[in-house]
Amino acid sequence: MSDSPTVPTTATVPRAGWHVATVARTSRETPSAARLELDVDGWPGNAAGQHLDVRLTAEDGYTATRSYSIASSGDGSRVVLAVDELPDGEVSPFLVEAVRAGDMLEVHGPLGAFFVWRPETNGGAARPVQLIAGGSGVVPLFAMAQAHADADDPTPFRLLYAVRTPDDVYFADELAALAAARAPFRLDLVYSRRAPDGWPTPPGRITRGQLEAAAIPAADRPVVFVCGSTGFVEQVASWLIELGHDPRDIRTERFGGT
């Protein structure tokens with residue numbers, strides 16, 4: 001068994017390219033986010049955790065390109081995004097409020113080779129996986145958890161998910177189903193503004209103590225994926241190192257464009 005996690009390389013993930021995507025379906029994900037299901041012509045498939053670029057072109061030729069994590073994985077041509085609307089954004093308001101089924105989008109991907117999990121690349125080492133998300137940072141981590149369940153992979157998985165309110169939980173039904181599936185998966189939620197009735201802890205920002213209590217211990221040598229805002233990711237990564245996790249086992253991804 002290797003002392004380091006297996007890291008996919010560019011040779012083990014599909015080759016990126018520009019593609020035309022047809023919006024197959026849109027739905028509201030949270031009060032500020034939409035789920036977009038795209039049928040992407042020529043899509044080579046993607047690994048869980050990868051992202052893509054969406055390029056919008058105005059009538060005057062002005063273009064704006066932003067990166068979004070992919071909430072799906074596998075060999076099919078259906079790609080799922082979950083986009084949070086930023087009020088001052090150029091791209092996200094259009095994707096959340098204006099895009100409808102039948103619309104065409106330009107996408108470039110799949111992209112990324114480090115922030116990736118695959119059953120066949122992690123299964124040999126049998127090291128547990130800890131996912132830690134803040135807000136919409138759960139999108140690529142959900143793809144990993146879903147891929148884990150789809151493969152009925154025996155690797156222990158946990159997701160620690162910090163979110164403002166119950167209404168702001170992405171993939172709420174799917175996460176509940178994953179927690180009940182046969183593949184080992186545990187979901188821990190931390191609410192910062194409003195918790196459900198009867199929740200055992202009052203709402204508040206995630207603390208070092210909550211992280212220590214919920215995360216797989218450093219002694220078990222988990223591979224850790226952290227995704228969220230820059231401040232969230234930096235704080236969590238710092239706490240993980242303080243708790244004894246090897247920095248080489250911590251993979252981080254921060255929010256990108258708007």
Open item on the list: Being outside the structural domain of residue 241 (by TED's automatic domain parsing), modelled with pLDDT of 95 or more, under 26 Å from residue 21 (Cβ atoms) and outside any loop (DSSP other than H, G, I, E, B): is that true of residue 174 here?
Closed with: no
TODO: State which residue is nearest to residue 236 (Cα to Cα) when the search covers only the stretch 156-173 and only residues that are without any contact (Cβ under 8 Å) to a residue 40 or more places away in the chain and touching a Phe, Trp or Tyr at 6+ places or on another chain (Cβ under 9 Å).
DONE: 161
Task: Any hit, the stretch 25-39, residues being at pLDDT below 95, part of a strand (DSSP E or B) and β-branched (Val, Ile, Thr) - done: no
TODO: Would you mention how many residues in the stretch 32-55 are among the small types (Gly, Ala, Ser) and open to solvent by 50 Å² or more (accessible area, probe 1.4 Å)?
DONE: 1
TODO: Considering only residues that are of a type in the set (D, E, K, R) and surrounded by 15 or more Cβ atoms within 10 Å (Cβ to Cβ), look in the stretch 56-89 and name the one that is nearest to residue 225 (Cα to Cα).
DONE: 84
Task: Top-ranked residue in the stretch 137-155 [being touching a residue at least 60 places away in the same chain (Cβ under 8 Å) and open to solvent by 30 Å² or more (accessible area, probe 1.4 Å); ranked as farthest from the chain's Cα centre (by Cα)] - done: 150
Task: the stretch 50-72 - residue that is touching a Lys or Arg at 6+ places or on another chain (Cβ under 8 Å) and not β-branched (Val, Ile, Thr) and, of those, farthest from residue 119 (Cα to Cα) - done: 64
Task: Matching strands (runs of 3 or more DSSP E) fully within the stretch 42-136 where at least 1 residues are hydrophobic (A, V, I, L, M, F, W, C) and under 15 Å from the mean Cα position of the chain (by Cα) - done: 51-57, 78-84, 104-111, 129-134
TODO: Any chance you could count how many residues in the stretch 184-220 are surrounded by fewer than 17 Cβ atoms within 10 Å (Cβ to Cβ), within 23 Å of residue 147 (Cβ to Cβ) and in contact (Cβ under 8 Å) with a residue 40 or more places away in the chain?
DONE: 1
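The values are calculated or read from the model by the stated rules, or taken from the named source; none is laboratory data. Just so you know, these numbers come straight off a predicted model, no measurement behind them. FYI the Cβ positions are ideal-geometry reconstructions off the backbone, even for glycines, and counts take in every protein chain you see. To get the accessible areas, we keep the full protein, side chains included, count just its heavy atoms, and leave off ligands, DNA and RNA. Shrake-Rupley method; radii C 1.70, N 1.55, O 1.52, S 1.80 Å.
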